[in-house]
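> Quick one: the structure is below, and I'll ask about it shortly.
The values are calculated or read from the model by the stated rules, or taken from the named source; none is laboratory data. Values in this document were obtained by computation on a predicted structure and should not be read as measured data. Methodologically, a virtual Cβ is constructed for each residue, glycine included, from the backbone with ideal geometry; neighbour enumeration extends over all protein chains shown.
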Amino acid sequence: MSFAAVFAAVLGLAVPIAAAFAATAQGKVGAAAMEGIARQPEAAGDIGRNLIITLALIEALVIYALLTFFMLFGNIPTLIERLGQL
């Protein structure tokens, strides 16, 4: 199997893996926030605010993975041409 094929396969799996781990992390963060609100309802505002910030940071990591995917995906034809010249 050529390097370009392996590169394309790994690149195709990168975003789904990042999304799966992010979804798992967001679920854990949400569950922990709900447990915290259930234990201390008067802190719901502070917990909710921190929850939103944390979820935004987790989602930013997925956006970075998606941007990296698009940047590398555009380089696959160039990579194949360079490997063909070797």
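> Within the set of pairs 6 or more residues apart or between chains, which connect a residue that is farther than 29 Å from Gly30 by Cα and touching a residue at least 40 places away in the same chain (Cβ under 8 Å) inside the stretch 56-83 to a residue that is assigned to a helix (DSSP H, G or I) and not basic (Lys, Arg) with Cβ atoms less than 6 Å apart?
Hits for this filter: Leu72/Leu11; Ile76/Ala8; Leu79/Ala4; Ile80/Ala4; Leu83/Ala4.
> Continuing with this model, one more query. Checking Thr54 against (1) at pLDDT below 95; (2) under 15 Å from the mean Cα position of the chain (by Cα); (3) among the hydroxyl-bearing types (Ser, Thr, Tyr): exactly one of these is not met. Which one?
Of (1) at pLDDT below 95; (2) under 15 Å from the mean Cα position of the chain (by Cα); (3) among the hydroxyl-bearing types (Ser, Thr, Tyr), only one is false for Thr54: (1).
Yes/no per residue for (1) touching a Gly at 6+ places or on another chain (Cβ under 8 Å); (2) farther than 30 Å from Leu83 by Cα:
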| site | (1), (2) |
| --- | --- |
| Phe3 | no, no |
| Ile17 | no, no |
| Thr24 | no, yes |
| Val29 | no, yes |
| Ala33 | yes, yes |
| Ile37 | yes, yes |
| Pro41 | no, yes |
| Thr54 | no, yes |
